[in-house]
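Enquirer: Pasting a structure below so you can have a look.
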Amino acid sequence: MTDESQSTQSVTPTLTLTEAADQLGVHYMTVYRYVRTGRLPAVKAGGGWLVNKVALDEFASTPTKTKSHKNVDWHVRLCDRLLAGDEAGAWNVIEASMVSGLEPSAVYLEVLAPALASIGSAWAAGEVSIADEHRATAVTNRLIGRLGPRFHRPGQTRGTIVLGAVSGDLHAVPTAIASDLLRGSGFTVFDLGANSPIESFLDAAGSADRLIAVGITSSTAETDDQIIATVNAIKEKLGCPVVIGGHGIGSKARAAHPEATTASATEMLLAFDQIAELAISARAKTA
Ligand code: B12
């Protein structure tokens with residue numbers, strides 16, 4: 001066998017779950033569970049799962065305690081399931097992370113967001129295709145659909161926040177996640193999603209009940225002019241506070257609105273929190 005065919009064999013998944021179970025000396029169902037909870041990387045082929053030999057050897061040599069649910073790299077497992085397009089397996093990883101003690105907000109910030117960041121880096125390095133990224137996003141949307149209700153708070157909210165990604169930015173997951181985090185902080189959120197024209201921001205914010213602020217995000221480079229135009233239109237027509245943030249915010253947009261730019265989800269939550277406190281105490285003074 002040539003070196004080339006040896007290395008191809010080592011990266012191509014070739015072992016069935018029965019063969020992997022034999023090699024590990026465990027029951028078939030145990031290996032199946034390792035795969036469906038993202039602990040052992042595998043790909044679906046011909047109605048079954050195939051495991052790669054190198055990954056299996058690494059798994060076999062990992063000390064048992066790191067195979068337990070404590071101190072687990074949940075985002076690595078989730079990334080693997082997202083790239084496999086395995087919705088049920090991805091949800092298993094999320095459920096297992098919550099059983100281990102993670103709150104839903106930590107699932108978003110410490111598991112899902114880093115898993116997506118790895119997929120973005122793998123795309124940038126040419127290791128995964130746009131099709132892989134689209135499929136991973138489709139699974140992500142379904143996971144968010146299942147996690148979302150956990151952020152619902154009963155009773156009167158602190159007011160409404162309108163969120164959207166600017167026109168030209170096709171990334172919808174950042175506003176979906178930010179919306180849930182803000183709902184969990186007691187706000188009503190009107191999520192416009194991706195590619196939102198200025199008129200949509202104005203319509204939604206103009207008719208919102210107890211509007212607190214508008215959040216504008218972009219994950220796509222070269223959208224600064226659109227961000228600045230959107231912020232200016234909202235300030236001019238509605239005069240309400242605006243927060244901007246996301247991977248696509250460039251130096252021009254940041255320089256135009258330095259006081260309003262946030263660099264992380266945590267900063268974004270803090271910014272809206274402070275705006276809400278000021279708005280609520282101002283309302284109390286005029287009441
Ligand atoms: C999924 C994805 C896509 C999907 C989006 C599908 C969808 N319906 O959403 C598709 C395939 C369409 C796509 C397209 C593109 N993508 Co893309 N994509 C991603 C990926 C992998 C995940 C994005 C995501 O959902 N992240 C999850 C959220 C939680 O993470 P987050 O961005 O950190 O979001 C938080 C912040 O925004 C923060 N925040 C901070 N301040 C504020 C303020 C406010 C108001 C708000 C709301 C939030 C906020 O809070 C958010 C919530 O937690 C990222 C990689 C990454 N690192 O994120 C690349 C990434 C964003 N994409 C990138 C690129 C280059 C593109 C493309 C140009 C090329 C391509 N890959 O196809 C096109 C652009 C299309 C366009 N015109 O918009 C780059 C962007 C680099 C840059 N700044 O230019 C990234 C970073 C990948 C990379 N490493 O290069 N992409």
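FYI, it's all coordinate maths here, none of it is from the lab. Just so you know, these numbers come straight off a predicted model, no measurement behind them. No Cβ is skipped: glycine too gets one built from the backbone with ideal geometry, and neighbour counts run over all protein chains shown.
Enquirer: Would you list which aspartates and glutamates come within 20 Å of Lys235, measuring only between C-alpha atoms, while excluding same-chain residues fewer than 8 positions from it?
Expert: Asp191, Glu199, Asp203, Asp209, Asp224, Asp225, Glu259, Asp273, Glu277
Enquirer: A further question follows. FRET efficiency for Ala125 and Ala60, Cβ-Cβ distance as r, R0 = 25 Å, nearest 0.05?
Expert: Working: r = 28 Å, r/R0 = 1.11.
In this case the efficiency is close to 0.35.
Enquirer: I would also like to ask the following. Amide H of Val243 versus every other amide H placed in the peptide plane: which residues, excluding those fewer than 5 positions away on the same chain, fall under 5 Å?
Expert: Those qualifying (amide H under 5 Å, at least 5 residues apart or on another chain) are Val214, Gly215, Ile216.
Enquirer: Roughly how large, in nm² to one decimal, is the mean projection of the convex hull of the alpha-carbon atoms in the chain?
Expert: Values: hull surface 73.2 nm².
Result: a mean projected hull area of 18.3 nm².
Enquirer: While we're on this one: What ranking do Cys79, Cys240 get, fewest neighbouring Cβ atoms within 10 angstrom at the top?
Expert: Details: Cys79 25, Cys240 17.
Least to most surrounded, the residues fall as Cys240, Cys79.
Enquirer: To the nearest 20 debye, what charge dipole does the stretch 3-149 have about its Cα centre, counting +1 at the Cβ of each Lys and Arg and -1 at the Cβ of each Asp and Glu? Can you show the working numbers first?
Expert: On the way: 13 positive and 16 negative charges, 111 e Å.
Dipole of the stretch 3-149, to the nearest 20 debye: 540 debye.
Enquirer: Taking 7 Å along the Cα-to-C-beta vector as the label spot, tell me the Arg153-Glu110 distance in nanometres, rounded to one decimal.
Expert: Placing both labels 7 Å beyond Cα along the Cβ direction yields 2.1 nm.
Enquirer: Taking 0.36 nm per residue of separation and subtracting the Cα-Cα distance, what length does fully extending Lys285 through Arg33 add?
Expert: Numbers: separation 252, 0.36 × 252 = 90.72 nm, distance 5.82 nm.
Gain in length upon complete extension: 84.9 nm.
Enquirer: Tell me which residues come under 5 Å, amide H to amide H, from Arg210 once H is placed; ignore anything under 5 positions away on its chain.
Expert: Result for Arg210 returns nothing.
Enquirer: Could you pull out every residue, at least 5 positions away or on a different chain, whose amide H is within less than 5 Å of the one on Phe190? Hs are placed 1.01 Å off N in the peptide plane, and Pro or chain starts have none.
Expert: HN-HN under 5 Å from Phe190: Ile161, Val162, Leu163.
Enquirer: Obtain the nm distance between the two label points defined at Lys235 and Glu103 by a simple spin-label model: each point lies 7 Å from its Cα along the Cα-to-C-beta direction.
Expert: Each label point is offset 7 Å from its Cα along the Cβ direction, giving 3.3 nm.
Enquirer: Using only Cα atoms, find the angle between the long axis of helix 113-124 and the longest principal axis of the chain, and express it within 0 to 90 degrees, rounded to the nearest 10.
Expert: Computed tilt is about 70 degrees.
Enquirer: Rounded to the nearest 500, what is the 222 nm mean residue ellipticity of the chain from helices alone, with -39500 (n - 2.57) per DSSP H run of 4+ residues and division by all residues? Before the final figure, lay out each step's value.
Expert: On the way: 13 runs with 152 residues, N = 287.
Using -39500 (n - 2.57) per qualifying helix, the result is -16500 deg cm²/dmol.
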